[in-house]
Structure formats: C-alpha cells, structure tokens
Amino acid sequence: MEISKLIKVALLLFFVQISLAQNVIFTELSGKVTEGTTPVENVNIINNNTQAATVSDADGNFSITVREGDVLVFSAVNLEPVKLRITAEQLSSKELLVRMTAKEVQLKEVVVNENAGITAENLGIVPRGQKKYTPAERKVYTATSTSIDKLLNKISGRTAMLKKEVNVEKKEMLFRKMEYLFDENYYTERLKIPVNDVKGFQLFCIDDAEFAVSLNSKNKTMSMFLITDLARKYLTILENEK
C-alpha cells in the first residue's frame, strides 16, 4: 500500500508540473538595438531557452517570443555581445531598449622602419622645395658660395673644372635615360643609324636642348618624335662626311 501511495503522489506532482508549464504565457516582445544613439542593423538575437531567433532591421527594431526568465543573447560583428534575462517589468513595457558597445580592436605590433620617409625636409633641417643638388653641382655651389671662395677658385681654375664636371654628369644622366627608352636595335633598325655610329648619334641627341628637355620630363612620345628628326639630320651629316 505504501508503494501504491508513493506512485500516486509522484503522478500527481508530474501532472501538476505539466499543468503549470502549460500555464506559462509567452509574449511577443518588441525592442530596439542601438550603439550609442545609432540604431544597429543585422544584430542576431537568440532566446537561449527556446532557441527562437531573429535579426534587427535597418532601424534596429526586432520582435521575438519570450517568457519571464528567458535569456536573450544579442551579438553582431564589431560589437560586444549582450545577455539579458527577461523580467516581468520588461515584458509589460512597450519597447525593450538594448544598448550595445563597440569592441575594442587589438592593434598588431607595428615595427617602425627607421629610414622610411625620413628626409631632411620632413625633419625640418632644410626648407621644403629647396633645390636639390647633384654631387657635382654641390661642389660648384660650395666653391662659389662666398665671395672669397668664388675669387680664389676662379683664379685657380677650380670653378671652371667643377662646372665641366656638372656638364659631364648631366650628359651621363641623359645617356642613362636614352638607354632606358631606346634599345640598340631601335637605332639600327628603326632609325637606320650604322652600328659604329650609335654612340656618336647619342651624343648628337643629348646636345640638342629640346631633346634633353623631353628626356628630363619623361615625355617618351615627344622624345620619339624628336629623335626621328635628329636621326635624319645625323644621317645627312654622315653622308656629307663621306
């Protein structure tokens, strides 16, 4: 009889629990998600108890079925997740306001290149836009920077020698630019310059002021136009020398 009574009590408690569970009321809860004062779109909202889920719209609004005691989880990219246990007061409110915060971004270690972008201008050592001298030009500037230096170097002939170095340096730079723009076949096949006269023709070209300007300005179209006319003139000179 004792066992029979225990079974009856257990069954009674079981049915009472079922009855209480059936009496739990689910409510459609509306809310709005913001980050600061800005509505947040595409926030994932999950009811941890029932696994019901939804997503906030463009205005941050959402609606989800809940009951008192359920836990809602709010998550989104670049935002800290929020867990919220629903209370009776929240269920009775017209709208649940959920404020989220931006995640703190962990910056990777940055290795600073000691030489990158560091110039005399950036450091304030020289004014911006100041003329940049080549090594040979710097020697001429130094030799003529004061009246005494200018006089002494003029008497000794050093200034004239240094100016010649500048001219040689400029011609070497023009030669390198020509080699970059035109290969040897261009001279012999396209311009019809004899192989043995290519170097002489290059000297002839860089002595032309207009052609030198086109090289320095990196205007390849103009350089090609001018070199064609220079080739015609040079071939005429070669013909007259025969």
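Numerical summary
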quantity	calculated
Matching residues in segment 90-109 - criterion: being under 14 Å from GLU28 (Cα atoms) and without any contact (Cβ under 8 Å) to a residue 40 or more places away in the chain	SER92, SER93
Segment 34-46, residues that are surrounded by fewer than 13 Cβ atoms within 10 Å (Cβ to Cβ) and part of a loop (DSSP other than H, G, I, E, B)	GLY36, THR37, ASN42
Within segment 187-242, helices (runs of 4 or more DSSP H) holding 3 or more residues that are closer than 12 Å to LEU174 by Cβ	198-206, 209-216
Residue satisfying all of: in segment 47-71; hydrophobic (A, V, I, L, M, F, W, C) and crowded, with 17+ Cβ neighbours inside 10 Å; farthest from GLU95 (Cα to Cα) among these	VAL66
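Each reported figure results from applying straightforward, stated rules to the coordinates on display, with no laboratory input. Here the structure is a predicted model, which is why all the values come from computation and not from measurement. Neighbour counts are summed over all protein chains in view; Cβ atoms, including those assigned to glycine, are modelled from backbone coordinates with ideal geometry.
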